[in-house]
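The values are calculated or read from the model by the stated rules, or taken from the named source; none is laboratory data. Small disclaimer: the values here were computed from a predicted structure and weren't measured. Positions of Cβ are backbone-derived with ideal geometry, glycine not excepted, and every protein chain shown enters the neighbour counts. All accessible areas refer to the heavy atoms of the entire protein, side chains included, with ligands and DNA or RNA removed. Shrake-Rupley method; radii C 1.70, N 1.55, O 1.52, S 1.80 Å.
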2 protein chains.
Amino acid sequence: MVNITRLNIAQKDFWPRLEQRLSWEGIADEAVIGVVRNIIHAIRTQGDTALLAYTQRFDNLKIASATELEISAQRLQAALATIPIVQREALEMAAERIMAYHHHQKQESWTYTEADGTILGQQVRPLDRVGLYVPGGKAAYPSSVLMNALPAKVAGVSELIMVVPSPHGEVSDLVLAAAVIAGVDRAFTIGGAQAIAALAFGTETIPRVDKIVGPGNIYVAAAKSLVFGQVGIDMIAGPSEILVLCDGETDPEWIAMDLFSQAEHDEDAQAILISPDPVFLDKVAQAMVRLLPTLERREIITASLQSRGMFIEVESLDQALEVINFIAPEHLELSVKDPQALVTRVRHAGAIFMGRYTAESLGDYCAGPNHVLPTSRTARFSSPLGVYDFQKRSSLIQCSLQGSQTLGRAASVLARGEGLTAHARSAEYRLKAK
Amino acid sequence: MVNITRLNIAQKDFWPRLEQRLSWEGIADEAVIGVVRNIIHAIRTQGDTALLAYTQRFDNLKIASATELEISAQRLQAALATIPIVQREALEMAAERIMAYHHHQKQESWTYTEADGTILGQQVRPLDRVGLYVPGGKAAYPSSVLMNALPAKVAGVSELIMVVPSPHGEVSDLVLAAAVIAGVDRAFTIGGAQAIAALAFGTETIPRVDKIVGPGNIYVAAAKSLVFGQVGIDMIAGPSEILVLCDGETDPEWIAMDLFSQAEHDEDAQAILISPDPVFLDKVAQAMVRLLPTLERREIITASLQSRGMFIEVESLDQALEVINFIAPEHLELSVKDPQALVTRVRHAGAIFMGRYTAESLGDYCAGPNHVLPTSRTARFSSPLGVYDFQKRSSLIQCSLQGSQTLGRAASVLARGEGLTAHARSAEYRLKAK
């Protein structure tokens, strides 16, 4: 049986109850941080020697030299040839669509020239080298390889290094095939905090990168936090969430399955349904009862729905929007007749799935937009992973002689106002140039 | 006397020596973190009561109620009326130029429709509410108010909240005037970790924000790191740096003053000069000896140059570019005849100042581009503060019936490959809709 918390916006304590139910704090375990600090220090000071020792110990990998950590081009190609053709075609179609979408995000350099000849602008450049972390073991997600790698390739990153642990020497052919399709340049069978440290500082075998992206366990997340500054990192993701708004006219079984698809990720995942139609909420609850026994991951789903799921009854779509903007969901499904009328009023969401035919899972795999999205209400201030995460900007300023006079006088006044007289005099020298 | 380290790229140990000289690690002091954790916890649980107590204790502010922490609109206007007209005009000119430049960075929403009617796109929205930290006391930098506030205003942020500590009740009129000119919506006289915690979690008096930007001391930086996730934050900046590349044809006194202008920030600031002309390096060194005694901040400058300054001799501009891209400087001055020929080969730099008339200090105040820039070699993967830091994106997907068939089949194959059967069935339901 599924027992989902049901809230009604008319309840006096609705907002505090909602906030309490949303709250999530990834607790930084001091013990984990201590272990990770030691691993990073060892990799930084001993390089390959430490990397090999950790990999032998944690992954049970029996190899003699660090050079064997690299996955050969032949092995990668063999993986691509091994997987079922239907899988390969689906991955290739997904890759094409992801690239087409992400090309729209690419930013170009620009400049403009002022009346006195002064040139101002912004030079946009890709990062030189990026590291992509891919978890190993049971949860082998080739879609994650595509979603993390392709924006970097579209940005023009010269070298993309993938790391994936291979416990007991095993690594997923689907993951390797996705790496080939995504254009990964080199791949190594390392994982955990030691892989993050190797990418951040470099070893004799592993090239040092400028940014590390991709999901991982708490050791990987802690390592990424600790090397941040030395390299760039992507967001540290919380549990995945979906918020479905339905006007009551979509098949209740479809909506039930959409909620299940989020809840099946893990016990901490959060699935929320909002509707102005209380009878529809009942129907979805009944559909869940019917469908749940047929699902492979029903235990995870039940745990997730009981601990974090919510059905919210509102009086109008206006009220629903108020709740949506408060929650700032990672995934928002607008399963309504006219989603375009609502979407411009959504201020905060990672990705918005509009209309009854747009199942959230299409976005996870092949619609085109990225599936790496801001979780835990961080869509208030952050964005999906994109090409912009692999580009960076340099400001450009080229003053004409005349421009240096106008600007120099103002800079001199302001610098003296701040007591920075060398700043002022540096500008004033150019005034004397007249 | 100034004693600056001189390197030559021809030296056998040049690269390791350069790397050693560049290295900078802001050490996270466990004691500071402990204090800051307690402050955040107190503000979170006791709100205004704790905020008032800390402000009375740390800032010696004698007020009876938290509502007195707000700086009135009259007080702000009075500051604007008080400052010298030449300062006001310079601030207004700077603000206009900063806004004009940053308008070029504003991103717009976009969508495209595929052949089968499926709509894909990206909705761009400003953040709702932003907090701006401004340090108090001696280092009152109105330019920092403009540079942090104006990109948020250009992005369309609805509410901009400034906090500035007022030790013993004192606050800089220049800072308050800059806040008025920049369009700050509300301002409070609070500072330190307690101000960051109040902005991140909100109190009865201080509104909760979505992102916090602006420079501060180690307590402020530690507090920003600790509240990250709850709110967005900007980069934690290291000491400021300049790298000047000169072909030997700029007046050595100009270059000496440009280096001084960086070194005067603080003892940890770094000023580096590269030239293919060793005689020119000597001339700049001599100019420094002549000019140094005339500078108000000569003690700071001397300490900075001795501990972190560098003169680097190269054989060609090509070699200089190699060194520049290795260093990835915050500020790069291309004081050469044809800077346009070099600039496209610069892969990493926060801001690039081109030609002999473009003193770096023009960019600090009024050229237009932002002066908040990536330090400590982070220009390899990060960008100047910009409008993009105050906008965020939501992906848009609206599948047509036909689109949901094509995408649904691929999603089903990929989801089953990953063992996520609820994902697969959610997509498959829409296939049955045919």
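Residues of segment A:242-258 being buried (at least 20 other Cβ atoms within 10 Å of the Cβ) and either more than 22 Å from A:Asp318 (Cα to Cα) or touching a helix residue (DSSP H, G or I) at 6+ places or on another chain (Cβ under 7 Å) (or both), which ones? First the steps, then the outcome.
Just the residues of segment A:242-258 that are buried (at least 20 other Cβ atoms within 10 Å of the Cβ), to begin with: A:242-246, A:250, A:252, A:254-258.
Selection gives A:Ile242, A:Leu243, A:Val244, A:Leu245, A:Cys246, A:Pro252, A:Trp254, A:Ile255, A:Ala256, A:Met257, A:Asp258.
Where in segment A:303-399 are there helices (runs of 4 or more DSSP H), lying wholly inside it, with at least 1 residues that are away from chain B (no Cβ under 11 Å), more than 27 Å from A:Leu292 (Cα to Cα) and at pLDDT 95 or above? Let's see the steps before the verdict.
Values: elements: A:317-327, A:339-343, A:360-365.
Because the criterion is at least 1 residues that are away from chain B (no Cβ under 11 Å), more than 27 Å from A:Leu292 (Cα to Cα) and at pLDDT 95 or above, the helices (runs of 4 or more DSSP H) in segment A:303-399 that meet it are A:317-327, A:339-343.
Considering only residues that are surrounded by 14 or more Cβ atoms within 10 Å (Cβ to Cβ) and either of a type in the set (Asp, Glu) or assigned to a helix (DSSP H, G or I) (or both), which ones fall in segment A:58-83?
Those that are surrounded by 14 or more Cβ atoms within 10 Å (Cβ to Cβ) and either of a type in the set (Asp, Glu) or assigned to a helix (DSSP H, G or I) (or both): A:Phe58, A:Asp59, A:Ala66, A:Glu68, A:Leu69, A:Glu70, A:Arg75, A:Leu76, A:Ala78, A:Ala79, A:Leu80.
Of the residues that sit in segment A:404-417 and are under 28 Å from B:Gly137 (Cα atoms), within 7 Å of chain B (Cβ to nearest Cβ) and touching a Leu at 6+ places or on another chain (Cβ under 8 Å), which one is modelled with the lowest pLDDT?
Kept after step one, since they are under 28 Å from B:Gly137 (Cα atoms), are these residues of segment A:404-417: A:407-417.
Okay, now just the ones that are also within 7 Å of chain B (Cβ to nearest Cβ), so A:407-408, A:410-411, A:413-415, A:417.
Retained after the next criterion (residues that are touching a Leu at 6+ places or on another chain (Cβ under 8 Å)): A:407-408, A:411, A:414, A:417.
Details: A:Leu407: 96, A:Gly408: 96, A:Ala411: 96, A:Leu414: 95, A:Gly417: 91.
Of everything passing the filter in segment A:404-417, A:Gly417 is modelled with the lowest pLDDT.
Enumerate the pairs (first residue in segment B:90-105 and among the hydrophobic types (A, V, I, L, M, F, W, C); second residue anywhere and open to solvent by 70 Å² or more (accessible area, probe 1.4 Å)) with beta-carbon separation below 9 Å, excluding pairs fewer than 6 apart on the same chain, so at least 6 apart or on different chains.
Once the first residue is among the hydrophobic types (A, V, I, L, M, F, W, C) and sits in segment B:90-105, its partners that are open to solvent by 70 Å² or more (accessible area, probe 1.4 Å) give B:Ala90/A:Arg409.
Within the group B:Ala149, B:Ala178, B:Ala140, which residue is surrounded by fewer than 24 Cβ atoms within 10 Å (Cβ to Cβ) and either within 14 Å of chain A (Cβ to nearest Cβ) or under 26 Å from B:Pro369 (Cα atoms) (or both)?
Details: B:Ala149 fails: surrounded by fewer than 24 Cβ atoms within 10 Å (Cβ to Cβ); B:Ala178 fails: surrounded by fewer than 24 Cβ atoms within 10 Å (Cβ to Cβ).
Of B:Ala149, B:Ala178, B:Ala140, the one residue that is surrounded by fewer than 24 Cβ atoms within 10 Å (Cβ to Cβ) and either within 14 Å of chain A (Cβ to nearest Cβ) or under 26 Å from B:Pro369 (Cα atoms) (or both) is B:Ala140.
Somewhere in segment A:171-181, is a residue over 26 Å from B:Phe326 (Cβ atoms) and in a loop (DSSP other than H, G, I, E, B)?
Our first condition is that a residue be over 26 Å from B:Phe326 (Cβ atoms); within segment A:171-181, this holds for A:171-181.
Okay, now just the ones that are also in a loop (DSSP other than H, G, I, E, B), so A:171-172.
Checked segment A:171-181: at least one residue is over 26 Å from B:Phe326 (Cβ atoms) and in a loop (DSSP other than H, G, I, E, B).
Could you please give the count of residues in segment A:289-302 that are under 31 Å from the mean Cα position of the chain (by Cα) and more than 11 Å from every other protein chain (Cβ to nearest Cβ)?
Residues flagged as under 31 Å from the mean Cα position of the chain (by Cα) and more than 11 Å from every other protein chain (Cβ to nearest Cβ) within segment A:289-302 amount to 2.
If the requirement is being farther than 24 Å from B:Ala10 by Cα, buried (at least 23 other Cβ atoms within 10 Å of the Cβ) and within 11 Å of chain A (Cβ to nearest Cβ), which of these qualifies: B:Ala237, B:Ala271, B:Ala263? Let's see the steps before the verdict.
Values: B:Ala237 fails: buried (at least 23 other Cβ atoms within 10 Å of the Cβ); B:Ala271 fails: farther than 24 Å from B:Ala10 by Cα.
Answer to the check: B:Ala263.
Criterion first (out of contact with any Leu (no Cβ under 8 Å at 6 or more places or on another chain) and more than 18 Å from B:Val284 (Cα to Cα)) does B:His331 satisfy it? Let's see the steps before the verdict.
Values: out of contact with any Leu (no Cβ under 8 Å at 6 or more places or on another chain): no; more than 18 Å from B:Val284 (Cα to Cα): yes.
In short, no.
What is the number of the single condition among (1) modelled with pLDDT under 95; (2) surrounded by 14 or more Cβ atoms within 10 Å (Cβ to Cβ); (3) of a type outside the set (Val, Ile, Thr) that A:Met99 does not meet?
(1)
Tell me, which strands (runs of 3 or more DSSP E) lie completely within segment A:84-160 with 1 or more residues that are closer than 30 Å to A:Thr406 by Cβ? Steps first, answer last, please.
On the way: elements: A:110-113, A:119-126, A:129-133.
Answer list for segment A:84-160: A:110-113, A:119-126.
Output the residues belonging to segment B:274-302 that are open to solvent by less than 40 Å² (accessible area, probe 1.4 Å), in contact with a Gly (Cβ under 7 Å, 6 or more places away or on another chain) and either on the phi > 0 side of the Ramachandran plot or not in a helix (DSSP H, G or I) (or both).
Within segment B:274-302, just B:Ser275 meets the criteria.
I'd like to verify a number: residues in segment A:13-57 that are assigned to a loop (DSSP other than H, G, I, E, B) and either surrounded by 13 or more Cβ atoms within 10 Å (Cβ to Cβ) or modelled with pLDDT under 95 (or both), how many?
Here is the first cut: in segment A:13-57, the ones assigned to a loop (DSSP other than H, G, I, E, B) are A:13, A:23-29, A:47.
If we keep only those that are either surrounded by 13 or more Cβ atoms within 10 Å (Cβ to Cβ) or modelled with pLDDT under 95 (or both) as well, we get A:23-29, A:47.
Adding up the residues that qualify gives 8.
Condition first: part of a helix (DSSP H, G or I) and within 42 Å of the chain's Cα centre (by Cα). Now tell me which residues in segment A:400-434 satisfy that. Spell out the reasoning first.
Start the filter on segment A:400-434 by keeping residues that are part of a helix (DSSP H, G or I), which leaves A:401-417, A:421-432.
Answer for segment A:400-434, where residues must be part of a helix (DSSP H, G or I) and within 42 Å of the chain's Cα centre (by Cα): A:Leu407, A:Ala411, A:Leu414, A:Ala415, A:His423.
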